1. Give me the pairs: first residue in the stretch 232-250 and assigned to a strand (DSSP E or B), second residue within 13 Å of the ligand (Cβ to nearest atom), beta-carbon distance under 6 Å, and six or more apart or on different chains, which are they?
2. Restrict the check to the stretch 348-363 and report whether at least one residue is of a type in the set (D, E, K, R), part of a loop (DSSP other than H, G, I, E, B) and modelled with pLDDT of 95 or more.
3. Can you list residue pairs whose Cβ atoms sit under 6 Å apart, with the first residue in the stretch 12-39 being closer than 15 Å to Asp50 by Cβ and the second being within 14 Å of the ligand (Cβ to nearest atom) and of a type in the set (Val, Ile, Thr)? Count only pairs 6 or more apart in sequence or on different chains.
4. Would a scan of the stretch 196-204 turn up a residue that is within 16 Å of the ligand (Cβ to nearest atom), modelled with pLDDT of 95 or more and under 21 Å from Gly276 (Cβ atoms)?
5. Do we have Ser390 as within 16 Å of the ligand (Cβ to nearest atom), touching a helix residue (DSSP H, G or I) at 6+ places or on another chain (Cβ under 7 Å), of a type outside the set (Phe, Trp, Tyr) and at negative phi here?
6. Please enumerate the residues belonging to the stretch 109-130 that are surrounded by fewer than 24 Cβ atoms within 10 Å (Cβ to Cβ) and within 24 Å of Asp194 (Cα to Cα).
7. Considering each residue of the stretch 340-353, count those that are surrounded by fewer than 21 Cβ atoms within 10 Å (Cβ to Cβ) and either within 26 Å of Ala155 (Cα to Cα) or free of Cβ contacts under 8 Å to residues at least 60 places away in the same chain (or both), and give that number.
8. Criterion first (out of contact with any Phe, Trp or Tyr (no Cβ under 8 Å at 6 or more places or on another chain), more than 16 Å from the ligand (Cβ to nearest atom) and among the β-branched types (Val, Ile, Thr)) does Thr132 satisfy it?
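The values are calculated or read from the model by the stated rules, or taken from the named source; none is laboratory data. Small disclaimer: the values here were computed from a predicted structure and weren't measured. FYI the Cβ positions are ideal-geometry reconstructions off the backbone, even for glycines, and counts take in every protein chain you see.
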Amino acid sequence: MESSKSLSAWQKSQQYIPGGVNSPVRNFSKVGGHPRFIERGSGSKVYDIDGNGYIDYVASWGPLILGHAHPEIVNAVSAASSHGTSFGAPTTLETELAEIIVNAVPSIEKVRLVNSGTEATMSAIRLARGYTGRDKIIKIDGCYHGHVDYLLAKAGSGVATFGLSDSGGVPEDFARNTLTVPFNNPEAVKATIDANPDEIACLILEPIMGNMGIIPPREGYLNELREITEQHGIVLIFDEVITGFRVAYGGAQSYYDVTPDMTCLGKVIGGGLPVGAYGGKRDIMQCVAPEGDVYQAGTLSGNPLAVTAGITTLNKLSAPGVYEQLETNASTLADGLSEATQKNGIDAWHSRVGSMLMLYFTPETVTDADGARTADTERYRKYFWGLLESGVYVAPSQFEAGFVSLVHSQEDISTTVQAASEVISKL
Ligand code: HOZ
């Protein structure tokens, strides 16, 4: 496959941008070779600057549940831009998006819009600390909540891809108040709380881990966390940046019927433009400035173009049958991949919740970050390249997620399964 234009674009970008990319995993360094520079996307596919087309399961890392360049999003954003791109003053569009979110997500009574998932988690934790008057937080090994200093300890996504235990540039003091425990292990949470009585402001987690591949919660785990945190006055924060409006319209909390105190959103709610949000119970949210004394602000927060893309996306997702369609698309793909590994006698763990999925090359059942770390990343590297060369674009890291969208056709999925079967037979 010809990729010389991407290679020279990457050589040039490295002169001006660290690693030639604006987010580390994109530069392919853990799968080798060079990244493909994308020229355009349409529906289920992306096209690189050498003219190669790929069936895309990265989907901009999750937001593009309607596919690339959906005509309704393109038209809505273009109409909004003709009215002005930013005002730094309130618009009724922001209230419209906030109302949709509050009506959709069971635990959110009030919501503040920001520009990214990182801003959402950072602001939610500041708020939990302000609300409780406590400093310490519990995070889960392998959960990734953006590049907030004190949340990079034992984080997933790029931190796991590059094999780092945390990040340079974070003073030890900043991370001193972050206590980490394994996923799917309520006993570890109890022990940590017992060792730090009345000191823990919040427990933050991805209810379905989506930055170490996909790791679902064990039955009852989220409910147990709900009970434990409630007993101790600890704010339970679900980071639904990936899962919000993805696994169900009301996110993982409605999928598993558990009500956190606060929720962080991003990705899908921006329809491919930069939006994040954090929201929750009214008495917590009223601590945010200007109602309360917990400060958080942003010049481009509630940006009219991003909010328009979000409203258009969420309105489309509220139509009947949408999540059933996603389930059908994703289960057909996952079943095909599973058959391919079985037929070829390859040790694999296929993990999927709704339209999020990941294939780990391991004989283990992956239930936490340590389980994910047993995966054979060299085999994943070969799988990734085999697929890319066959015109299928999956995450260039074992420690990310795959996303199926509403526009992946049956033909896309059978082409993918056929390509994957061939690649797997040669592993
Ligand atoms: N951390 C993001 C997904 N989990 C990756 C973002 C990107 O590289 O664009």
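1. Asp239/Thr121; Asp239/His145; Asp239/Glu206
2. No, every residue in the stretch 348-363 fails to be of a type in the set (D, E, K, R), part of a loop (DSSP other than H, G, I, E, B) and modelled with pLDDT of 95 or more.
3. Ile38/Val46
4. yes
5. On the way: within 16 Å of the ligand (Cβ to nearest atom): no; touching a helix residue (DSSP H, G or I) at 6+ places or on another chain (Cβ under 7 Å): yes; of a type outside the set (Phe, Trp, Tyr): yes; at negative phi: yes.
No.
6. Arg126, Arg129, Gly130
7. Residues flagged as surrounded by fewer than 21 Cβ atoms within 10 Å (Cβ to Cβ) and either within 26 Å of Ala155 (Cα to Cα) or free of Cβ contacts under 8 Å to residues at least 60 places away in the same chain (or both) within the stretch 340-353 amount to 4.
8. Details: out of contact with any Phe, Trp or Tyr (no Cβ under 8 Å at 6 or more places or on another chain): yes; more than 16 Å from the ligand (Cβ to nearest atom): yes; among the β-branched types (Val, Ile, Thr): yes.
Yes.
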